[in-house]
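Undergrad: Have a look at the structure that comes next, please.
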Amino acid sequence: YITILPIGPFGRPLSDLDSTEINFLIADIMKHLKVSNHNWLVAGTSMGGFAAYNFACARPELFEGIITFPGGIRDNVVSEKWKNYKILLAHGELEETNWLEMIQSTKTKLNGNVKSVEVFTIEGQGHIISPEYNIDKVYRKFFIADQ
């Protein structure tokens, strides 16, 4: 996996990048790292969750799924190319109401337009997941059916 920090190559948060900037970043990743040109999974936390949807919209053919902790689709439009996407909308049990509303709105927009969409509550956590939490509990939900 590749970890990209919240500030992108243009000195702005990844959630603020436009499709040209996203394509530049993806091209740079593909140039410098040994990656395929399909079946990517994008995950993000909070504003990174917004960025995850921006990346999927900019290059839908690259991805097979999105995991957010939390995040939302906001004004992005679901592409026909998303029909095989698996989406996991994770959030802390102690999450703020506005994020929970965004998760539900995102789920509504995705239902029927993607392979699967699931909301997963992370017990005992708030908006930011503590380092002590075993984040594999969330990732396993994506990679192993019926967890």
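Undergrad: Can you tell me which condition Thr108 does not meet? The list is (1) in a loop (DSSP other than H, G, I, E, B); (2) at pLDDT 95 or above; (3) over 24 Å from Leu14 (Cβ atoms), and all the others hold.
TA: If we test Thr108 against (1) in a loop (DSSP other than H, G, I, E, B); (2) at pLDDT 95 or above; (3) over 24 Å from Leu14 (Cβ atoms), just (1) comes out false.
Undergrad: Can you give me the number of residues within segment 111-147 that are closer than 19 Å to Lys83 by Cα and part of a loop (DSSP other than H, G, I, E, B)?
TA: The number of residues fulfilling the criteria is 6.
Undergrad: Please state which of the following conditions Glu93 fails to meet, knowing it meets all the rest: (1) over 11 Å from Thr121 (Cα atoms); (2) out of contact with any Cys (no Cβ under 9 Å at 6 or more places or on another chain).
TA: (1)
Undergrad: Can you list residue pairs whose Cβ atoms sit under 7 Å apart, with the first residue in segment 79-101 being more than 28 Å from Arg59 (Cα to Cα) and the second being of a type in the set (S, T, N, Q)? Count only pairs 6 or more apart in sequence or on different chains.
TA: Gly92/Gln125; Glu93/Thr121; Glu93/Gln125; Leu94/Gln125
Undergrad: Only one of (1) in contact (Cβ under 8 Å) with a residue 24 or more places away in the chain; (2) in contact with a strand residue (DSSP E or B) (Cβ under 6 Å, 6 or more places away or on another chain) fails for Lys107. Which number is that?
TA: Condition (1) is where Lys107 drops out.
Undergrad: Which residue is surrounded by the most Cβ atoms within 10 Å (Cβ to Cβ), if the candidates are limited to segment 84-104 and must be among the β-branched types (Val, Ile, Thr) and closer than 16 Å to Gly49 by Cβ?
TA: Only one residue fits best here, namely Ile87.
Undergrad: Something else about it: Only one of Lys107, Lys81, Lys115 is open to solvent by 50 Å² or more (accessible area, probe 1.4 Å) and touching a helix residue (DSSP H, G or I) at 6+ places or on another chain (Cβ under 8 Å); which?
TA: Going through Lys107, Lys81, Lys115 in turn, the sole match is Lys81.
Undergrad: Where residues in segment 47-78 are part of a loop (DSSP other than H, G, I, E, B) and not aliphatic (A, V, I, L, M), which of them is surrounded by the fewest Cβ atoms within 10 Å (Cβ to Cβ)?
TA: Step by step, filter segment 47-78, then rank; the result is Asp75.
The values are calculated or read from the model by the stated rules, or taken from the named source; none is laboratory data. Owing to the predicted nature of the structure, the values given are computational and were not obtained by experimental measurement. Heads up, the Cβs are rebuilt from the backbone with ideal geometry, glycines too, and the neighbour counts pull from every protein chain shown. Just so you know, the surface numbers come from the protein's heavy atoms only, side chains and all, with ligands and any DNA or RNA stripped out. Shrake-Rupley method; radii C 1.70, N 1.55, O 1.52, S 1.80 Å.
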